[in-house]
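The values are calculated or read from the model by the stated rules, or taken from the named source; none is laboratory data. Just so you know, these numbers come straight off a predicted model, no measurement behind them. With ideal geometry, Cβ positions are generated from the backbone for all residues, glycine too; neighbour counts draw on all protein chains shown.
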């Protein structure tokens, strides 16, 4: 397969996944903001949201102070913001269009239709009318896109590059989500850490779980009240939790193995090592390092994997 | 003007009256149409547009932005009413096209080798060598199979001849990168989807095998160096107006769609960059003009081609389809010589007529043209896409005067033809069903044999009375049916 084609497929999936995760994150923030809470806490939530994708300078320049409405606008509809949902869906569609011949008709039409509809919906005010429903729509279309991909694409390189993009992006996004949500509250770990706010804590952690569709899964796995260290374990170490770091890395490694070429053995080794650390890791060790430090390092390594994949497959130096 | 002469033998504009005589091959369709409820066509048109947009069958418009600031992608208007050609008529057309394209390929070969046709005094040397489309880099180059124009789009119109009878005329040969074949295929898919019942009532010759024929043609044109040739489609990229077609054809043939940046040359062979390292390329179906193919030889600022490609080509290690330099044969200044070429190379009488053409480079022709501008169509020799032409009967006095000045200044840049009343076909426009002028572009493939899918692309001038069918100037397309006996 052409390196350029692989590059477009990889990024098409990354952008689709990113749009979904942004919607998830906004949704959970939006739902939390409907709860009774102090303005400070709400503000921290919105700030964290912008910080998550390192967008604070771009935001401040355009909108000034952090306000819920502006943050939502910036992250949903602003086409100048490359990380907004509409920009991500647009980029996914542009990448798809560049390789439409490599995709099945169904995959291409799903991408194209999603893009046409998101623009139409936003124009018609669908987001302002009901943000929650709009976020559901974005998630649903991401599910649709993944489903039509695995349901129709030939199981060859093209599919593997798409899957690789999806799971690398997911590993990155879940890590960022945790970083901002755990770090955002005052102590490094235990939420507000005050007994009087127990109830608030429950909503905080359950909202995080819901944002990764993990609430029911948590109950199933732990059959216990919601405790932050278990939330962290579920999202980092559990291989059976579809949006966890471990599960994402498992997919990254298996797709990389299927794609292996001569120069990629080092990349595969790095991915395998990261995966093994999650497989044999323990929450106590991670907490001893500090969750924030652990996630920062994890994000660096994911980023490094992306660079290696690009060098080995997508943009090989001129021969 | 106002007539459906595609559908009726007698002329009056009376579509639904019994007065005129319908041509046999339109009978079933006509009866079917009369039975449909009034809003059916409007509903189907809406459905068709929705599908085209979802499938993304669009062409990009340069520089245009929509209200949200995004680059625009437009639909080429698709008309629901098919253009129908009788089997016998098509058979004759097909023979004529095979003959014409065969002769044109012989001519291009001759241009770049012995130039017998100049020696025989049939085409003036300066018309060939002095032609801007003549590529000196091609002189003496042996191309695989001696074929230059593998894909030829020959524009054909049906009009009244000197005897007042309808006849097919060749208006133009497109031998560089003729486009539009994807619309031929998509239009058929669309009509079959919208009107399945019509296909059980008619025996319409299928066209879906065109990509197979194209792939066969391209593989046959491979250099002798490989048994299993790798074919690619070379596109300028997704912002090119015909990108949909490039992607479509590559996908239908199951070959890679490459851009210039994907290619490189090494040791006089051509390679593409893949995820598994370099892979050799044997045949390029290029949708990039000559000028942009190789910055070392042609335009230096081109990023659409591949440096060193011409060296590999001239060494016979890759086939470029169509060959470099075919433009020398589809130039409007060469067009008048095609009937003579057919006789010269094939020793046959031409089966298809040219439109009678005045070459303004000749003093007599120029005089006649200047005296009769209001009745003639004058075309720039190197013009394309319906630009740079004067349609006398539709022009104002001022336009004619301006054109006359240009003509006097550079007579050799122009040819003139009588204004043909192109045949018109019932077309579903805003005001309902009305006659609109049409042409026909069959796509002729030349490999080991010369073949084509039955029919081609029918283009229709959607503006009332207009004779310009180009999509850049408000033209649309129709499905084209060749009826089998």
Exercise for the section: Assess whether residue B:325 counts as being under 23 Å from the mean Cα position of the chain (by Cα), at positive phi and more than 9 Å from chain A (Cβ to nearest Cβ). Expected result: yes
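Condition check ((1) in contact with a helix residue (DSSP H, G or I) (Cβ under 6 Å, 6 or more places away or on another chain); (2) assigned to a loop (DSSP other than H, G, I, E, B)) across all residues:
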residue	(1), (2)
B:300	no, yes
B:316	no, yes
B:325	yes, yes
B:332	no, yes
B:339	no, no
B:349	no, yes
B:367	no, no
B:379	no, no
B:405	no, no
Practice task
Restrict the check to the range B:305-319 and report whether at least one residue is buried (at least 22 other Cβ atoms within 10 Å of the Cβ), at pLDDT 95 or above, closer than 26 Å to residue A:98 by Cβ and within 14 Å of chain A (Cβ to nearest Cβ).
Solution key: yes
Practice task
Evaluate the range B:199-209: report whether one residue or more is within 14 Å of another protein chain (Cβ to nearest Cβ), surrounded by fewer than 21 Cβ atoms within 10 Å (Cβ to Cβ), more than 22 Å from residue B:308 (Cα to Cα) and touching a helix residue (DSSP H, G or I) at 6+ places or on another chain (Cβ under 9 Å).
Solution key: no
Exercise for the section: Could you check how many residues of the range B:278-291 are in a strand (DSSP E or B), more than 7 Å from chain A (Cβ to nearest Cβ) and surrounded by fewer than 23 Cβ atoms within 10 Å (Cβ to Cβ)? Expected result: 2
Practice task
Kindly indicate whether any position in the range A:138-156 is surrounded by fewer than 16 Cβ atoms within 10 Å (Cβ to Cβ), touching a helix residue (DSSP H, G or I) at 6+ places or on another chain (Cβ under 8 Å) and over 18 Å from residue A:105 (Cα atoms).
Solution key: no
Problem - Selected residue (only one of A:65, A:130, A:70 is on the phi < 0 side of the Ramachandran plot, without any contact (Cβ under 8 Å) to a residue 12 or more places away in the chain, under 22 Å from the mean Cα position of the chain (by Cα) and more than 11 Å from every other protein chain (Cβ to nearest Cβ)) - result: A:70
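Yes/no per residue for (1) assigned to a helix (DSSP H, G or I); (2) surrounded by 21 or more Cβ atoms within 10 Å (Cβ to Cβ):
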position: A:28; (1), (2): yes, yes
position: A:35; (1), (2): no, no
position: A:43; (1), (2): yes, no
position: A:50; (1), (2): yes, yes
position: A:62; (1), (2): yes, no
position: A:69; (1), (2): yes, no
position: A:81; (1), (2): no, yes
position: A:86; (1), (2): yes, yes
position: A:89; (1), (2): yes, yes
Practice task
Might you let me know whether the range A:94-109 holds any residue that is at pLDDT 90 or above and farther than 24 Å from residue A:141 by Cβ?
Solution key: no
Handout entry: Set A:101, A:125, A:90: member being at positive phi and either without any contact (Cβ under 8 Å) to a residue 24 or more places away in the chain or at the interface with chain B (Cβ under 9 Å from one of its Cβ atoms) (or both)
Key = A:125
Problem - Yes/no for residue A:54 being within 14 Å of chain B (Cβ to nearest Cβ), more than 21 Å from residue A:161 (Cα to Cα) and part of a loop (DSSP other than H, G, I, E, B) - result: no
Practice task
Please indicate, with yes or no, whether at least one residue in the range B:261-271 is assigned to a strand (DSSP E or B), free of Cβ contacts under 8 Å to residues at least 24 places away in the same chain and either within 14 Å of chain A (Cβ to nearest Cβ) or surrounded by fewer than 22 Cβ atoms within 10 Å (Cβ to Cβ) (or both).
Solution key: yes
Exercise for the section: Sort out which residues of the range B:414-423 are surrounded by fewer than 19 Cβ atoms within 10 Å (Cβ to Cβ) and touching a helix residue (DSSP H, G or I) at 6+ places or on another chain (Cβ under 8 Å), and write them in order of number. Expected result: B:418, B:419
Practice task
Taking only the range A:112-122 into account, find how many residues are more than 8 Å from chain B (Cβ to nearest Cβ) and without any contact (Cβ under 8 Å) to a residue 40 or more places away in the chain.
Solution key: 6
Practice task
From (1) more than 8 Å from chain A (Cβ to nearest Cβ); (2) on the phi < 0 side of the Ramachandran plot; (3) touching a helix residue (DSSP H, G or I) at 6+ places or on another chain (Cβ under 9 Å); (4) modelled with pLDDT under 95, pick out the condition that doesn't hold for residue B:254.
Solution key: (2)
Problem - Some residue of the range A:104-111 being farther than 27 Å from residue A:212 by Cβ, buried (at least 20 other Cβ atoms within 10 Å of the Cβ), free of Cβ contacts under 8 Å to residues at least 60 places away in the same chain and within 14 Å of chain B (Cβ to nearest Cβ) - result: yes
Problem - Cross-chain or 6+ apart pairs with Cβ under 6 Å, the range B:41-58 first and in contact (Cβ under 8 Å) with a residue 24 or more places away in the chain and away from chain A (no Cβ under 14 Å), then part of a helix (DSSP H, G or I) and crowded, with 16+ Cβ neighbours inside 10 Å - result: B:44/B:194; B:48/B:190
